[in-house]
């Protein structure tokens, strides 16, 4: 059985909420609680491994389990990116290039092995491993790219979010008005929604004098967590109604 959700509007709404929550929750652990980027990365990678093993052992799609893995890739990606860019001193631009190259390599190996990058037919353990590895790279890349746009580019948190939202809009237009390969458009959208979540997370947490809304990492995480739970259960109700028809 297919072990991933159908790609619908609800999928993208939940994905943005999940990746934004990953940004704020990762910052909560590494900065607000002062655990540090290195130790936070080790802890969150451990959570990712536990969640992805449970996902791999599952015989079919479980919404809560699936989105838990997405959140753990996002939180781990946040602290991993910060560790690379800040602690190791790579910088946002170099970190983004390195992670982008890693993502392209994973997708290339996946395509070479399976002759497809389709995300509508994730049924074997091998393909699912490719899928989750690509998502981990994607979410880590998104943090670095979001930080680059917010800090180094001069756009600020709001400007970075607006730019990424515009690019996502172009992908949506292409999906409805062109014959561009849908798998390519999916991965473009998947990558872009992560930096959108990163910049939006920064917008929610940063103080007013820095252009943010000053909810803090705790407040923003609680808001996003509540929205995420609401949308997940609503999508489950919708899917059940469709299955009963």
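Do you know which of the residues in the range 102-120 that are part of a helix (DSSP H, G or I) and over 17 Å from the mean Cα position of the chain (by Cα) is nearest to residue 140 (Cα to Cα)? If you could, list the steps in order and put the result at the bottom.
Quick first cut of the range 102-120, residues part of a helix (DSSP H, G or I) only: 102-114.
Now drop any that are not over 17 Å from the mean Cα position of the chain (by Cα), which leaves 105, 108-114.
Details: 105: 15, 108: 18, 109: 19, 110: 19, 111: 21, 112: 23, 113: 24, 114: 24 Å.
Here the residue is 105.
Give me a count of the residues in the range 32-42 that are surrounded by fewer than 18 Cβ atoms within 10 Å (Cβ to Cβ) and in contact with a helix residue (DSSP H, G or I) (Cβ under 7 Å, 6 or more places away or on another chain).
Pass one, the range 32-42, residues surrounded by fewer than 18 Cβ atoms within 10 Å (Cβ to Cβ): 32-36, 38-39, 42.
Applying the additional criterion that residues be in contact with a helix residue (DSSP H, G or I) (Cβ under 7 Å, 6 or more places away or on another chain) yields 32, 35-36, 38.
Number satisfying all stated conditions: 4.
Residues checked against (1) more than 14 Å from residue 192 (Cβ to Cβ); (2) touching a strand residue (DSSP E or B) at 6+ places or on another chain (Cβ under 6 Å); (3) modelled with pLDDT of 85 or more:
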| site | (1), (2), (3) |
| --- | --- |
| 126 | yes, no, yes |
| 129 | yes, no, yes |
| 132 | yes, no, yes |
| 140 | yes, no, yes |
| 143 | no, no, no |
| 150 | yes, no, no |
| 161 | no, no, no |
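Have a look at 146, 159 and point out the one that is without any contact (Cβ under 8 Å) to a residue 40 or more places away in the chain, within 25 Å of residue 79 (Cβ to Cβ) and assigned to a helix (DSSP H, G or I).
On the way: 146 fails: without any contact (Cβ under 8 Å) to a residue 40 or more places away in the chain.
Criteria check complete, one pass: 159.
Within the range 107-114, is even one residue buried (at least 19 other Cβ atoms within 10 Å of the Cβ), without any contact (Cβ under 8 Å) to a residue 60 or more places away in the chain, under 30 Å from residue 239 (Cα atoms) and touching a helix residue (DSSP H, G or I) at 6+ places or on another chain (Cβ under 9 Å)?
Yes, because at least one residue in the range 107-114 is buried (at least 19 other Cβ atoms within 10 Å of the Cβ), without any contact (Cβ under 8 Å) to a residue 60 or more places away in the chain, under 30 Å from residue 239 (Cα atoms) and touching a helix residue (DSSP H, G or I) at 6+ places or on another chain (Cβ under 9 Å).
Could you list, in sequence order, all residues of the range 27-62 that are in contact (Cβ under 8 Å) with a residue 60 or more places away in the chain and either within 16 Å of the chain's Cα centre (by Cα) or over 23 Å from residue 229 (Cα atoms) (or both)? Explain how you work it out, then say what you get.
Going through the range 27-62, the residues in contact (Cβ under 8 Å) with a residue 60 or more places away in the chain turn out to be 27-28, 31-32, 48, 52, 55-56, 61.
The answer is 27, 31, 32, 48, 52.
Answer with yes or no whether residue 127 is farther than 18 Å from residue 19 by Cβ and surrounded by 15 or more Cβ atoms within 10 Å (Cβ to Cβ). Break it down into steps so the answer makes sense when it comes.
On the way: farther than 18 Å from residue 19 by Cβ: yes; surrounded by 15 or more Cβ atoms within 10 Å (Cβ to Cβ): yes.
Yes; evaluated as a whole, the condition is true for this residue.
Does residue 183 meet the test of being surrounded by 15 or more Cβ atoms within 10 Å (Cβ to Cβ) and part of a helix (DSSP H, G or I)? Lay out the reasoning, then the answer.
On the way: surrounded by 15 or more Cβ atoms within 10 Å (Cβ to Cβ): yes; part of a helix (DSSP H, G or I): yes.
Yes; evaluated as a whole, the condition is true for this residue.
Please verify whether residue 218 is loosely packed, with under 15 Cβ neighbours inside 10 Å, touching a helix residue (DSSP H, G or I) at 6+ places or on another chain (Cβ under 7 Å) and either part of a helix (DSSP H, G or I) or modelled with pLDDT of 85 or more (or both), treating the condition exactly as stated.
Numbers: loosely packed, with under 15 Cβ neighbours inside 10 Å: yes; touching a helix residue (DSSP H, G or I) at 6+ places or on another chain (Cβ under 7 Å): yes; either part of a helix (DSSP H, G or I) or modelled with pLDDT of 85 or more (or both): yes.
So residue 218 passes the test.
Residues checked against (1) in contact with a strand residue (DSSP E or B) (Cβ under 6 Å, 6 or more places away or on another chain); (2) in a helix (DSSP H, G or I); (3) over 25 Å from residue 175 (Cβ atoms):
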site: 5; (1), (2), (3): no, no, no
site: 24; (1), (2), (3): no, yes, yes
site: 27; (1), (2), (3): no, yes, yes
site: 30; (1), (2), (3): no, yes, yes
site: 39; (1), (2), (3): no, yes, yes
site: 45; (1), (2), (3): no, yes, yes
site: 67; (1), (2), (3): no, yes, no
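The values are calculated or read from the model by the stated rules, or taken from the named source; none is laboratory data. All of these numbers come straight from a predicted model, not from anything done at the bench. Cβ: placed from backbone, ideal geometry, glycine included. Neighbour counts: every protein chain shown.
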